[in-house]
Structure formats: C-alpha cells, structure tokens
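Presented below is the structure to which this report refers.
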Amino acid sequence: MAHFAKLDENNIVTEVIVVSNDIATDETSGVNFLKDLLKQPNANFKQTSYNTEGGVHKLGGTPFRKNYATIGHTYDVDKDAFIAPKPYNSWTLNETSCLWEAPISKPVTYDTFYKDLQNNPLKNIAVDFDTHQIIKVNDFNIFESDQYIWDENNTNWIRDPQTWSVVTAENQATFETVNADYLNSL
C-alpha cells in the first residue's frame, strides 16, 4: 500500500490516505488518483513511507522523505522531508535525520528488568506476578531500556513513573528459583 500526505497551504499534513499499489504505481499516479477521487484538482499531496524513520527504512529498503508523515507534521520542501512538531523548546532538529533531539542523551538502564543467572538483563520477557512464571517470551525487546520521559522544566530525563517498578531482591530471588532451569537454557 502507498501512503500519501495531504498538505495545507503551509505544508502541514492534514490527513494521510492509503492507496493501493496497483493504482499508485508511482507518486504521480497516486497523486492524480487522489485529486480525481476527492475532486480536489488543486490539492497538494506528497507520498510518504510508512517504514521510514530518521532517514532509515526499517525493512532495509530505500528511505523516503526522512520520516513517515502523520497529521501535524510539516513537509520541508528544501529538505524533501516530513518533520514532526517540535516537542520541547530545548530540543533541536537533527538536520540529517530530521528528528528532534534532546540536549542530553536518553539514559540506558536496566534496573526494572529481571536478570538471568549471569546477571544479564532479560529484556524480552513478561512475568505473571502471582505465580512468578514466565508467561511470554518474545523474539524482540519490549523496551530498549528502562522507560524515561523528558522533563522540560529541568531539561533532563526522568524515569517514567507509569512504568518504573524496580525489581526487588526478593522478587528476583523468587523469579530465579522458580525459573532457574529455563533461564539457564537461554
């Protein structure tokens, strides 16, 4: 499926419309189809890639217009890129990726993850806290690290109070005891 961003007079995305690849064999055919369908011959559409973020195609394909467009993004003609609204005054635009960056890097910690018997964080599990049994193992990490949110008032990252729950020594010991055989097989 091909995705097209409809732009207003200020190049702000007002909607994103999906068109079959059979119809949108290229950007021009997709744009012409939408103008005819919507009876808006002067509308401004730009194709956007659902799999592009920060100038990288998530599936290894060719990146397209730096970022997938969503409502409220701006299309920058000079950069040929879709750019999200600035999230915080202290953040700056990375001119290469067209993503906003905090003035300091986001921390990477694993304090809220269970650990295997070698003390490595297990980032791809979920646990039933009543039975202390592993209930889900994924092929990918659920989180890149502990979850942090940006605090603009202090221009710093803070742990997300919604997700922060440090694994206690008692819970970790129970987890290791119940699941030691499984953990050793990882």
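The values are calculated or read from the model by the stated rules, or taken from the named source; none is laboratory data. Model, not experiment: these values are computed from the prediction. For neighbour counting, all protein chains shown are included, and Cβ atoms are generated from backbone atoms with ideal geometry for every residue, glycine included.
For the reader, a short list of remarks on this structure follows.
- Set N51, N94, N67, N32: member being surrounded by 12 or more Cβ atoms within 10 Å (Cβ to Cβ), more than 30 Å from T155 (Cα to Cα) and touching a Gly at 6+ places or on another chain (Cβ under 9 Å): N51
- Restricting the range 70-91 to residues that are touching a Ser or Thr at 6+ places or on another chain (Cβ under 8 Å) and not hydroxyl-bearing (S, T, Y), the residue that is surrounded by the most Cβ atoms within 10 Å (Cβ to Cβ) is F82.
- Pairs, first in a loop (DSSP other than H, G, I, E, B) and at pLDDT 95 or above in the range 81-108, second surrounded by fewer than 13 Cβ atoms within 10 Å (Cβ to Cβ) and of a type in the set (S, T, N, Q), C-beta under 8 Å, six or more apart: P103/T92
- Any hit, the range 53-66, residues being closer than 27 Å to S20 by Cβ, touching a Phe, Trp or Tyr at 6+ places or on another chain (Cβ under 8 Å) and aromatic (F, W, Y): no
- Leading residue by the ranking (nearest to I12 (Cα to Cα)) among those in the range 62-80 that are polar (S, T, N, Q) and either touching an Asp or Glu at 6+ places or on another chain (Cβ under 9 Å) or modelled with pLDDT of 95 or more (or both): T74
- For P41: the one exception among (1) loosely packed, with under 12 Cβ neighbours inside 10 Å; (2) out of contact with any helix residue (DSSP H, G or I) (no Cβ under 8 Å at 6 or more places or on another chain): (2)
- Any pair with Cβ under 8 angstrom, 6 or more apart, that starts in the range 43-69 at a residue that is outside the structural domain of V13 (by TED's automatic domain parsing) and ends at one that is in a loop (DSSP other than H, G, I, E, B) and exposed (fewer than 15 other Cβ atoms within 10 Å of the Cβ): none
- Selection within the range 43-61 - among the small types (G, A, S) and more than 18 Å from E15 (Cα to Cα): G54, G55, G60, G61
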